[in-house]
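Worksheet: one structure, shown below.
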C-alpha cells in the first residue's frame, strides 16, 4: 500500500531523457506549471484494498517567481515536499522531491498540446529505480485530471487517474 500511495503523487510528479520544449527567454519559463500555484488541491484515490486516501497538495511561487515549491499529504500526513524550477542548460522545467518513505523522484515537465507530461525516475529507499509518466489535463482554473503511467517494456501502462479540485484553503 505504501508503494501505491508513493506513486499517487509522483507530481510531483512527476523522466530523465524526456523531450523538452524550448521556452523563449522573455517569457516565464515556469508558465506551463504556474497555474497550479495558490490554494489547496484536493483529490481522492481508492487503493487496491478498497480504502480511500484523501490527498492535499499546496503549490507556491518561491524565490521571486524563479521556482515553485510544493507539499503533499495523504490523509493529513505529509508525504512529499519538493520543487519545480527551470533548468536553463537543459531548457526545460525540472522537478525533484523526496518522499516520507525515503524515495526520491527526479524528472522533467513538458507541455504537449493541452496536456502536461511529467516523466521521472523514482528511486526507492532500497535503491531500485522505476520510470513513470504523469499526464495532467487542466479542466478550468480549479480542476485537473492527473493520470499515472508506469514504464513496462517500451510501453506506458495506465495505473490510475485522480481528479483534483482547488479550494482557497
Taking every alpha carbon pair in region 73-163, what does the distance histogram look like in 10 angstrom bins from 0, in percent? 15, 42, 38, 5
In whole angstrom, the spacing between the Cα centers of region 100-166 and region 25-67 equals 12 Å
Distance in nm between residue 137 and residue 62 label points, each 7 Å along Cα→Cβ, equals 3.1 nm
Placing each pseudo-label 7 Å from Cα in the direction of the beta carbon, residue 40 and residue 83 end up separated by a distance in nanometres of 2.5 nm
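None of the figures in this text is laboratory data; all of them are computed from the coordinates on show. Nothing here was measured: the structure is a model prediction, and the numbers come from that model. Because the Cβ atoms are built from the backbone with ideal geometry, glycine has one as well, and the counts that use them run over all protein chains shown.
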